[in-house]
Amino acid sequence: MTSKPSVLRADARRNRERILEAAVRAFSEKGPDVAIDTIAKAAGVGSATLYRHFPTREALVEAAYRNELARVCDSAATLLAAHAADRAIRLWMDAFIDYLAAKQGMADALRAAVASGADPFAETLDKLGAALTTLLDAGADAGLLRPDIDPFDVGFSLAGVALITSAPDQRARAGRLLDLLLDGLRYGADGQPAGS
């Protein structure tokens, strides 16, 4: 009897994740007015299940955005556990560019949510700053990255790369720019690599 509720919780968690993934795709591809039933169908759940998790369109938009933010921020620790710090931050940069692309695709839906009083961006800078600080500190501690880098400078640089390479055919250019940015994180004003 006690194992059954945990199974339901796991099912509910999977349903929630599928709904959020479907919502990001739908809002990005079809705009803010996409039918909620369309999102539920794409997630493989009924409308009642969707509304049980997200009672309003604004709640769904906000949760979808925050889920994408959490996904990219939480990946910092996972990447550091699996890769050298400089490789981890470069992989994280790719994930961040993908996050910004999803955010841009959802821009109209996010604007509508903000207009209705929601604040999906309340914790964005703090969470991104914490993820970048974790990555940069690990790189500096390992002697792979400069120790004097402001995480928000990196974040704004990444946003700039995303802005000028937002078209799908510009993804290769984005990768090259991210490589250049990483080189800048490795070398100090004296032209020497970090740690030398």
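The values are calculated or read from the model by the stated rules, or taken from the named source; none is laboratory data. Every value quoted in this text rests on a predicted model; they were computed, and no experiment measured them. As a convention, Cβ positions derive from the backbone with ideal geometry for all residues, glycine included, and neighbour counts pool all protein chains shown. SASA here: full protein model, heavy atoms, side chains in, ligands and nucleic acids out. Shrake-Rupley method; radii C 1.70, N 1.55, O 1.52, S 1.80 Å.
Between residues in region 28-55 that are more than 17 Å from residue 14 (Cβ to Cβ) and of a type in the set (Lys, Arg) and residues that are assigned to a helix (DSSP H, G or I) and open to solvent by less than 70 Å² (accessible area, probe 1.4 Å), which pairs lie under 8 Å by C-beta distance while being six or more apart or on different chains? Pairs that qualify, where the first residue is more than 17 Å from residue 14 (Cβ to Cβ) and of a type in the set (Lys, Arg) and the partner is assigned to a helix (DSSP H, G or I) and open to solvent by less than 70 Å² (accessible area, probe 1.4 Å), are 30/38. Total residues in region 32-41 satisfying the condition of being surrounded by fewer than 18 Cβ atoms within 10 Å (Cβ to Cβ) and in a helix (DSSP H, G or I): the figure is 4. The residues on offer are 175, 160, and the sole one that is assigned to a helix (DSSP H, G or I), open to solvent by less than 50 Å² (accessible area, probe 1.4 Å) and in contact with a helix residue (DSSP H, G or I) (Cβ under 8 Å, 6 or more places away or on another chain) is 175.
Output the residues belonging to region 42-77 that are under 15 Å from residue 112 (Cα atoms) and open to solvent by less than 30 Å² (accessible area, probe 1.4 Å). The answer is 60, 61, 63, 64, 65. Filtered by the rule that a residue be assigned to a loop (DSSP other than H, G, I, E, B) and open to solvent by 30 Å² or more (accessible area, probe 1.4 Å), region 144-157 gives 144, 146, 147, 148, 149, 150.
Inclusion of residue 33 among residues that are at pLDDT 90 or above and acidic (Asp, Glu) is not warranted.
Checking every residue in region 81-95 against the condition of being modelled with pLDDT of 95 or more, open to solvent by 60 Å² or more (accessible area, probe 1.4 Å) and touching a helix residue (DSSP H, G or I) at 6+ places or on another chain (Cβ under 7 Å) gives at least one match. Scanning region 130-143 for residues that are open to solvent by less than 60 Å² (accessible area, probe 1.4 Å) and either touching a Gly at 6+ places or on another chain (Cβ under 7 Å) or aliphatic (A, V, I, L, M) (or both) yields 130, 131, 132, 135, 136, 138, 140, 143.
The selection criterion, being over 26 Å from residue 80 (Cα atoms) and among the charged types (D, E, K, R), holds for residue 169.
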